[in-house]
Every structure is written in C-alpha cells, then in structure tokens.
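Below: the structure, in structure tokens.
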Amino acid sequence: MIKIDRIYDIISHLLIGSITNKESEELEKWLAESPKNRDLMERFMQRADMHQMLMMPRAHRNGGIVFDDGNGTQEAIKLRYRRRIVSIRMQWKRSLAIASVAIVLLVVGISLWNDYCKIVAPEVDQATLAVMRTSIESGRSDASVTIRSRKGKREDLSLASSVNVRDDQALTKLYQSVRNERLSESENVFAESEELLADIVTHHDKEFWMTLSDGTRVHLNYNSSLTYPIQFVGDSREVYLEGEAYFFVAKDRRHPFIVHTRYGDIKQYGTEFDVNTRYDSQNSTGVYGIKGKGLAVVLVKGSIGVTPIGKTEHRLKPNELAVISEGNKDLNVATVDTTPFTSWNTGSFAFEDCPLDKLMDVLGRWYGKKIHFADESLRKEMFTGEIDCYEQLDHILSSLGKSTSIDMTVEGNTIIIGK
C-alpha cells in the first residue's frame, strides 16, 4: 500500500508539471485501490488552499513560507516586483495540473466503470462442446420454435409457427429471417415498444442446446419449453421455463438473469445451475431427503437466490438442492451430490461405489421413466462404471443386468428392477 505522504508528493509534482511516468503509474494504482482513495483525491482538489499547500516544503504545510536568507527586506522587495510574473506562471501551471488530474480521474473512472459493466460470456469447456456436437450428430437435438410479437400487453401475433430447428445455428437463421421479413414490410416497421419473443419446445427423447442474445448457454432437456426475448432489453434478463434446463449464465452485473417458473423465481449472481419444474420424488427413488413434487433447483457453481411465489428469497450455496413443493410452496434445502441432477448435461454418467437406486434415479430422469424396485433389497447394490447417455436404454439395461446379475426390463413408462 502506498503511503499518503508519498501520494501527497506525487500530486504536488503533478500540479507543478514535474511528475514522472513512474509517479503517474503509482497515482493511477493508488486511485484504483479503493473508492476511499478517489474520494480523498477529490477532497484534495476541493480545498481552497490546496495549491499553496502543495507548493510548500513538507515541513511548512501547516504554516507559512519563510523567506529568510539574511536579506529579508531585499527578498521581500524582489518578491513584490516579481509577484505578477510568478502569479501568471503559477495560474497557468495550476490550470494545467487541474486538467491533468481531471484526465487521470476520468480515465481511471471510465476504466473501472467499463470493467463493472462488462458482459462476460460463460466458460464452456471442450468436453461440453463435444457433448453438444454428439447431441446433434446422434439426432437427439431437435426443437420446435414459435416467434411472436409483443407490443405493450398484446402478445398474440404469431410470426413463425412451430418451425423445427436442429441446432443453434438454425435457430439464429430463423431469428434473422423473421427480423428481415418484419423490416421489409413497410406497414409493419418495428415500433419502439415492440419486442420479439421465442417459445422453444423439446419433445420426448429430444434435447436442445441454445445461446441467448447475451451469450448465456442453455441446455433444454426433453419435454421442456423456454420463453425468452430474442434480444434482451431493459434492466434485467428474464426467461420462463417449464420442464428442465441447465444454465451457463453470462456475467452481467447491471442486468440480473432471472428464471421464472410457476412455483417461483430463480435469480442468478454469476453461476451454473439446473432448474427442473417437474421434480417428483415418487417417480424416482426419493433418496435425497426431500420427498414430494414441484420445483427442484441445483446449484453447481456461483450463487443463486430462490424465491417461492409470495415468499422471501433464499440464497443457495454450491452443491445444494432447493425444492419448492407443489402444495404449500414451502422451500426445503439439502446438500447433495449434484451428479444425479446434472449428469444429463455432460453426455456420460460416471458412477463410483454408487447405490443402484441413485443410479436408476439418473437413468429415470434422462429417459423419462419411472423406477420400480420389485425387490427392495436391490436398492443398495453398489455400482461403479460409466454409461453413455446417448446409448439406447435397452442396451444400457442389458449391460447393467449382465454386470450386476440383476434383471432390468422396461414395461411401458416404467423400468422394473428385480432378480
């Protein structure tokens, strides 16, 4: 930390035009260290006697300048004679110094503000990008999109009805096509109050990876829908989810990202998280200590706030599960292994000494199947291995059956597990 006396001297050199490059760097660093430093600088500049103080030797800053060389009378006369020349010269130097300080403060302020306002795209590793490509190549990526116009309260104008898209690139082309069409129709030129919304829907055994206008990545699971503006405007970024989605949110401090659901809202503070509006512990094993039906939110990285409708916000920590029950809208929170809730997002399911009921919970979620243990004693059978989530379910169950000597079959919408 730079001492205040040192800063005082640097400002003095700045005002009289003798500041060095090194001193300029020190001053800029000091101003960037703390808002208090910038406030102190402003107070320096606002003092009526600040310039006189800075010109004094440090020993005389609280008193007056002593001109005593044994010829006091003669020196006083010389000072009176030269007063006007010195005064003009000092005024010029002071004006230049004030302008220099103002420029320094402006540059530092702009730099800090730009850093605060900067939008940072989420980091997506190569493994995740490979999963995205596999999803497209395997034919699992598919969604239907409807684009509509919202002008004020009116939201019923459909501009593109149930257009099928297979990847994010096709979605972007659709947006551009609709925009161009709207702009080419002179009678329908965009009004300032008009906003384009997209409703994207996945169906059974399908998923979709997409990028929102701010750079946020969304992985939409099967039988899910997301409503969002094609271009975010206003003070926040708001989307509406039904089903399940994994979010890699772009960092933007000035515009919070909010996921609305019929159970409540999720507000991010820079994060990765999974949201599932169809949580049902009775359709899985219910081994996580939170039974019931409703909304499940799992935080992987960062921080989020979960707010049930009509209630206060609760902040989650990484590796926490929050469930809002369908009946009374109560919020329950537990620390969990996030894998069963988020592994569908990674392309493969890795397990180590995992109880069979947890493993089947993952498969049930991914393939949209209920789980039934015909033999309850099999729940705690341990499993270690890796499962390709793009493999056919019959093949997966067959391989599991051979490795565990357990019979696993699919009957309708239910996986039956027995000996």
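I'd like the full set of residues that are open to solvent by 60 Å² or more (accessible area, probe 1.4 Å), farther than 27 Å from S224 by Cα and of a type in the set (D, E, K, R), limited to region 364-381. Give the steps one after another, and end with the answer.
To start, the set of residues in region 364-381 that are open to solvent by 60 Å² or more (accessible area, probe 1.4 Å) comprises 370, 372, 374, 376-377, 380-381.
Retained after the next criterion (residues that are farther than 27 Å from S224 by Cα): 374, 376-377, 380-381.
Those that are open to solvent by 60 Å² or more (accessible area, probe 1.4 Å), farther than 27 Å from S224 by Cα and of a type in the set (D, E, K, R): E376, K380, E381.
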Exercise. So how many residues does region 352-363 have that are open to solvent by 20 Å² or more (accessible area, probe 1.4 Å) and either in a loop (DSSP other than H, G, I, E, B) or under 21 Å from F273 (Cα atoms) (or both)?
Worked result: 1
Exercise. So which of R262, R253 ends up being basic (K, R) and over 25 Å from G368 (Cα atoms)?
Worked result: R253
Exercise. Does K317 satisfy the criteria of being open to solvent by 40 Å² or more (accessible area, probe 1.4 Å) and in contact (Cβ under 8 Å) with a residue 40 or more places away in the chain?
Worked result: no
Exercise. Which of the residues that make up region 352-371 are modelled with pLDDT under 85 and among the basic types (K, R)?
Worked result: K358, R365
For this session: Could you tell me which residue of region 16-55 is modelled with the highest pLDDT, considering only residues that are exposed (fewer than 14 other Cβ atoms within 10 Å of the Cβ) and basic (K, R)?
Result: K22
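State whether one or more residues within region 233-243 are of a type outside the set (F, W, Y), closer than 25 Å to G364 by Cα and without any contact (Cβ under 8 Å) to a residue 40 or more places away in the chain.
Step one: list which residues in region 233-243 are of a type outside the set (F, W, Y), which gives 233-239, 241-243.
Adding the requirement that they be closer than 25 Å to G364 by Cα leaves 241-243.
Retained after the next criterion (residues that are without any contact (Cβ under 8 Å) to a residue 40 or more places away in the chain): 241-242.
Looking through region 233-243, at least one residue is of a type outside the set (F, W, Y), closer than 25 Å to G364 by Cα and without any contact (Cβ under 8 Å) to a residue 40 or more places away in the chain.
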Problem set entry | Single residue of region 287-314 satisfying the filter (free of Cβ contacts under 8 Å to residues at least 24 places away in the same chain and within 23 Å of the chain's Cα centre (by Cα)) that is least open to solvent (accessible area, probe 1.4 Å) | H314
Problem set entry | Residue tally, condition within 26 Å of T342 (Cβ to Cβ) and exposed (fewer than 15 other Cβ atoms within 10 Å of the Cβ), over region 402-413 | 3
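To keep it simple, each residue is scored yes or no on (1) of a type in the set (F, W, Y); (2) open to solvent by 40 Å² or more (accessible area, probe 1.4 Å); (3) in contact (Cβ under 8 Å) with a residue 60 or more places away in the chain; (4) farther than 19 Å from D274 by Cβ.
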position: A322; (1), (2), (3), (4): no, no, no, no
position: N332; (1), (2), (3), (4): no, yes, no, no
position: F383; (1), (2), (3), (4): yes, no, no, yes
position: L397; (1), (2), (3), (4): no, no, no, yes
Exercise. Can you tell me which residues in region 320-351 are assigned to a loop (DSSP other than H, G, I, E, B) and farther than 23 Å from Y222 by Cβ?
Worked result: G327, N328, K329, D330
Problem set entry | Failed item, numbered, when E195 is tested on (1) part of a strand (DSSP E or B); (2) at pLDDT 90 or above; (3) of a type in the set (D, E) | (2)
Exercise. Can you name every residue in region 245-261 that is of a type outside the set (F, W, Y) and either open to solvent by 10 Å² or more (accessible area, probe 1.4 Å) or touching a residue at least 40 places away in the same chain (Cβ under 8 Å) (or both)?
Worked result: V249, A250, K251, D252, R253, R254, H255, P256, I258, H260, T261
Seminar exercise, completed: The correct count of residues that are out of contact with any Ser or Thr (no Cβ under 6 Å at 6 or more places or on another chain), open to solvent by less than 10 Å² (accessible area, probe 1.4 Å) and in a strand (DSSP E or B) in region 208-228 is 5
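If we keep just the residues of region 167-192 that are among the basic types (K, R) and open to solvent by 40 Å² or more (accessible area, probe 1.4 Å), which is modelled with the lowest pLDDT? Even if it seems obvious, please write down each step before you answer.
Residues of region 167-192 that are among the basic types (K, R), as a first pass: 173, 179, 182.
Still in the running and open to solvent by 40 Å² or more (accessible area, probe 1.4 Å): 173, 179.
Numbers: K173: 92, R179: 80.
Checking each candidate, the answer is R179.
The values are calculated or read from the model by the stated rules, or taken from the named source; none is laboratory data. Since the model is a prediction, treat every value here as computed from it, not as a measurement. As a convention, Cβ positions derive from the backbone with ideal geometry for all residues, glycine included, and neighbour counts pool all protein chains shown. Protein only, heavy atoms only, side chains kept; ligands, DNA and RNA dropped before computing areas. Shrake-Rupley method; radii C 1.70, N 1.55, O 1.52, S 1.80 Å.
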